[in-house]
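Structure record follows, encoded as structure tokens.
The values are calculated or read from the model by the stated rules, or taken from the named source; none is laboratory data. Fair warning: this is a prediction, and the values are worked out from it, not measured in the lab. Cβ coordinates were reconstructed from backbone atoms using ideal geometry, including for glycine residues, and neighbour counts include every protein chain displayed.
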């Protein structure tokens, strides 16, 4: 890995912090602002737009995941060494937790308590099993966007735009059902900061399973053979 791992790890932690600060913060604003707040469309745009900007800005230093499911997918696909992927995940969890703690610290409890600092949760009538399936399917969309527009050598040079749009689209559908995290760290940061750990496995098993499906598809079906690095 060499010395170049450190800029990428710092970028992962900072990028994840900013991604969740804006994204989870937009969820909290639905409580503060009420009917005049961002709503589902606003929350989807907040997540998608900030992610598109951060991926584009930090990709040059080898960063741009901000999601353990993405790092896991790159490892499964043979495009990232196990140790580097593990360090990325650690940086993401640290950044996510920092975002949750900062949001808790700067916002009044009456604002963040109803949504548990924007922690993803299951919608009415959605059980954990269904939630995991939904999270897995949404994560497949996201990870295919990552591979098809950023990782693949044949990918169009469009920065993080498609990745941000994938997240926004997923939230528009899955937000009311599971919170549409697609990202274990997106659950972990605000959940730990708020002390709200209900059904925690939904946002770990679902995204990681979806990431594995997308990664295996890309590794064995879509990718050029020479692009895989064992």
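Quick check: is even one residue across the range 205-213 assigned to a loop (DSSP other than H, G, I, E, B) and under 12 Å from the mean Cα position of the chain (by Cα)? No: zero hits. Looking across the range 21-62, the residues that are in a helix (DSSP H, G or I) and at positive phi come down to 34, 39. When residue 149 is tested against (1) touching a residue at least 40 places away in the same chain (Cβ under 8 Å); (2) over 24 Å from residue 31 (Cβ atoms); (3) under 17 Å from the mean Cα position of the chain (by Cα), only condition (1) is not met. Out of curiosity, is residue 131 in a helix (DSSP H, G or I), closer than 20 Å to residue 44 by Cα, at pLDDT 95 or above and within 13 Å of the chain's Cα centre (by Cα)? Spelling it out, it is not the case that residue 131 is in a helix (DSSP H, G or I), closer than 20 Å to residue 44 by Cα, at pLDDT 95 or above and within 13 Å of the chain's Cα centre (by Cα). Residue 119 satisfies every condition listed in (1) closer than 26 Å to residue 141 by Cβ; (2) touching a residue at least 40 places away in the same chain (Cβ under 8 Å); (3) part of a helix (DSSP H, G or I) except (3). Taken over the range 47-59, residues that are surrounded by 21 or more Cβ atoms within 10 Å (Cβ to Cβ) and closer than 11 Å to residue 23 by Cβ amount to 5.
Taking residue 126 as the residue in question, decide whether it is closer than 18 Å to residue 198 by Cα and in a loop (DSSP other than H, G, I, E, B). Yes; evaluated as a whole, the condition is true for this residue. Looking at the range 63-113, the helices (runs of 4 or more DSSP H) lying wholly inside it that each contain 3 or more residues that are under 14 Å from the mean Cα position of the chain (by Cα) and surrounded by fewer than 23 Cβ atoms within 10 Å (Cβ to Cβ) sit at 82-106. Filtered by the rule that a residue be out of contact with any helix residue (DSSP H, G or I) (no Cβ under 7 Å at 6 or more places or on another chain) and farther than 18 Å from residue 50 by Cα, the range 11-39 gives 33, 34, 35, 36.
Being at pLDDT 95 or above, under 26 Å from residue 58 (Cβ atoms), surrounded by 22 or more Cβ atoms within 10 Å (Cβ to Cβ) and under 14 Å from the mean Cα position of the chain (by Cα) holds for only one residue in 169, 180, 193, and it is 180. Condition check: over 17 Å from residue 71 (Cβ atoms), under 16 Å from the mean Cα position of the chain (by Cα) and surrounded by 22 or more Cβ atoms within 10 Å (Cβ to Cβ). Does residue 174 satisfy that? Yes, satisfied.
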